[in-house]
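To keep things clear, I will list the structure first and then write my remarks on it.
The values are calculated or read from the model by the stated rules, or taken from the named source; none is laboratory data. For clarity, every value in this text was computed on a predicted model and none was experimentally measured. A quick note on method: Cβ atoms are made from the backbone with ideal geometry, for glycine too, and the neighbour counts reach across all protein chains shown. These accessible areas exclude ligands, DNA and RNA; they are computed on the full protein's heavy atoms, side chains included. Shrake-Rupley method; radii C 1.70, N 1.55, O 1.52, S 1.80 Å.
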Amino acid sequence: MARKVLITGFEPFGGADVNPSWEVARLVADTPPDGLLVTPIRLSCVFGQAAEELRAAVREFTPDLVVCLGQAAGRPDVTVERVAINVDDARIPDNAGRQPVDQPVAPGGPAAYFSTLPVKACVAAVRRAGVPASLSHTAGTFVCNHVFYALMHLLATELPTVRGGFVHIPALPEQALDGSKPSLPADAAAHALRALLTAATTHTTDLRVPEGATH
C-alpha cells in the first residue's frame, strides 16, 4: 500500500509573482516517488490562517508523513530544518498585513520542537541526487517557522505516529535575474524533494554524521 504524504507550499508574498515552494510541491505531486501518494496543499502566507489550513489538511488526508516547504531567498541550497521555535516575530507584514512581534505560535507550548524527519539522512539523500543541501538550525520567525511549529505541535499532541518537518527552497532563477541572490530551478528542487521523501519514508533512524554549525 502506498504511503500517504502531504506536502505544502506557500502562496507568493512580499510582492512576488511566484513562490518556489508551491511550484516544487506541485511538481513532486505530479510525479511522486515510487510507493508514495503525494497530496499538495497551498497555504496562505498569513499568520494563524496558514496553521489552520495545515491542520485541516492533515485531518482530512490523514497522511503518514507531512513535509512543509517554504522559500528562503538568499540561501544557495535545499535546507532541511532541524528545529521550530514557539515565537512569531515578523520583520515584514504577512499577506493580510499582520505583523506579530514576540508572540507565541502556541500559547503554553514548549519553547521548541525538533523535526521528526531523519534530517541528516534527508540531507545526504538530496546530495546523492546531485543537488546541494545542508541542515539548517533556524527556520526564521516568519510564517515558515509559524507553520513548522504548528505542524510539530499538532503531531506531538494529537498524531505522534506521523512524521513531519520543514524544508526551505532557494529562489527560482526568474526571481534572481539581477544576480543578487542564488537560485535553483524548480525541476532540480523537485528532484531533490523526491529523494528527500524517499529517505524520510525509508529511514527509521537518522545518520550519525556531523552537520552542525559554529555560529
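Evaluate Rg over Rh across the stretch 22-141, taking Cα atoms for both radii and Kirkwood's formula for Rh.
For the stretch 22-141, the value is 0.95.
Less than 12 Å Cβ to Cβ from Pro185, Lys/Arg counted +1 and Asp/Glu -1: what total charge do the surrounding residues give?
-3
Once the dipole of the stretch 61-215 is set up with Lys and Arg at +1 and Asp and Glu at -1 on Cβ about the Cα centre, which of Ser115, Thr204, His168 lies farthest towards its positive end?
Thr204
With a 1.4 Å probe and all protein chains left in place, how much of the accessible area of the chain comes from carbon and sulfur atoms, in whole percent?
The computed percentage sits at 54.
Show me 86-97, 202-213, 147-158 ranked by packing, highest mean number of other Cβ atoms within 10 Å first.
147-158, 86-97, 202-213
Summing +1 for each Lys or Arg and -1 for each Asp or Glu, what net charge is found among the other residues whose Cβ lies under 10 Å from the Cβ of Asn145?
Cβ neighbours under 10 Å give a net charge of -3.
Which value, in debye to the nearest 20, gives the size of the charge dipole of the chain about its Cα centre, when Lys and Arg are +1 and Asp and Glu are -1 at the Cβ? Walk me through the numbers before you get to the answer.
On the way: 17 positive and 21 negative charges, 117 e Å.
Roughly 560 debye, rounded to the nearest 20.
Using the heavy atoms of the protein chains and a 1.4 angstrom probe, tell me the accessible area per residue for the chain in square angstrom. Before the final figure, lay out the partial values.
On the way: 9730 Å² over 215 residues.
On a per-residue basis, 45 Å².
Along the charge dipole of the chain, which of Gly35, Val83, Leu154 sits closest to the positive end, that is, farthest toward it, with unit charges on the beta carbon of Lys, Arg, Asp and Glu (+1, +1, -1, -1)?
My answer, from the dipole projection, is Gly35.
For the stretch 35-134, which chymotrypsin sites (Phe, Trp or Tyr not before Pro) pass both filters: DSSP loop (anything but H, G, I, E, B) and at most 11 other C-beta atoms within 10 Å?
Here no loop site has a sparse enough neighbourhood.
Stretch Ala2-Ile92 to full length: gain in nm at 0.36 nm per residue minus the Cα-Cα span?
Result: 28.4 nm gained on full extension.
Give me the dipole magnitude in Debye, nearest 20, for the stretch 1-104 about the Cα centre, with unit charges on the beta carbon: positive for Lys and Arg, negative for Asp and Glu.
160 debye
Taking the convex hull of the alpha carbon atoms in the stretch 94-215, what volume per residue do you get, in Å³?
159 Å³
How would you rank 131-142, 67-78, highest first, on the average number of other Cβ atoms within 10 Å across their residues?
Averaged packing, sorted descending, gives the order 67-78, 131-142.
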